[in-house]
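Enquirer: This is the structure I want to talk about, given as structure tokens.
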Amino acid sequence: MQPKTKKYVLDIESAIDEIEDLVALCEKQYVKFENNPLAIRSLERLLEIIGEATKKALESNTSLVIANSQRIISLRNRLAHAYDSIQLSVLWSIALKDVPKLKEELERLK
């Protein structure tokens, strides 16, 4: 993997690790998440980072394949430009279900 691409993948992995910490901090309970403004903003920002790093990784290595990359990038765009249209429950679901799948996929790229 090219150094530039590897940097973006490491950025994604770092954000995933932080999301896992956030989920643990909230004890995997949505009610604790939705009542914690810092957790909400943190998750939003981390998902933005994942989306931007995904976009840049794909641009730097056109042969790289990341499942659902267009959805990941689209989420980043919605968070940046239409943040008020996203339900917290959707973000929480992404953190619990989709982020672990992305982590497994990135581990297979190594």
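The values are calculated or read from the model by the stated rules, or taken from the named source; none is laboratory data. Everything numeric in this text was worked out from a predicted model, so none of it was measured. Using ideal geometry, Cβ is built from the backbone for each residue, glycine included, and neighbour counts are taken over all protein chains shown.
Enquirer: Sort through 28, 7 and tell me the only one that's more than 10 Å from the chain's Cα centre (by Cα), free of Cβ contacts under 8 Å to residues at least 12 places away in the same chain and surrounded by fewer than 16 Cβ atoms within 10 Å (Cβ to Cβ).
Expert: From the options 28, 7, the qualifying one is 7.
Enquirer: (1) part of a helix (DSSP H, G or I); (2) touching a Leu at 6+ places or on another chain (Cβ under 9 Å); (3) in contact (Cβ under 8 Å) with a residue 12 or more places away in the chain: which one isn't true of residue 80, the others all being true?
Expert: (2)
Enquirer: In segment 34-57, which residues are surrounded by 14 or more Cβ atoms within 10 Å (Cβ to Cβ), under 19 Å from residue 14 (Cβ atoms) and free of Cβ contacts under 8 Å to residues at least 24 places away in the same chain?
Expert: Scanning segment 34-57 gives 39, 55.
Enquirer: With 42, 74, 14, 63 as the choices, which residue is hydroxyl-bearing (Ser, Thr, Tyr) and outside any helix (DSSP H, G or I)?
Expert: 63
Enquirer: What are the residue pairs meeting all of these: first residue in segment 89-100, first residue touching a residue at least 12 places away in the same chain (Cβ under 8 Å), second residue surrounded by 13 or more Cβ atoms within 10 Å (Cβ to Cβ) and among the β-branched types (Val, Ile, Thr), Cβ atoms under 6 Å, and 6 or more apart or on different chains?
Expert: Pairs found: 95/19; 95/23; 99/16; 99/19.
Enquirer: Could you tell me which numbered condition residue 48 fails, if it satisfies all but one of (1) part of a helix (DSSP H, G or I); (2) among the acidic types (Asp, Glu); (3) over 16 Å from the mean Cα position of the chain (by Cα)?
Expert: Unmet for residue 48, out of (1) part of a helix (DSSP H, G or I); (2) among the acidic types (Asp, Glu); (3) over 16 Å from the mean Cα position of the chain (by Cα): (3).
Enquirer: So, one more: Quick one: residue 60 ticks every box in (1) among the polar types (S, T, N, Q); (2) surrounded by 15 or more Cβ atoms within 10 Å (Cβ to Cβ); (3) at pLDDT below 95 bar one, so which box is it?
Expert: All conditions are met except number (3).
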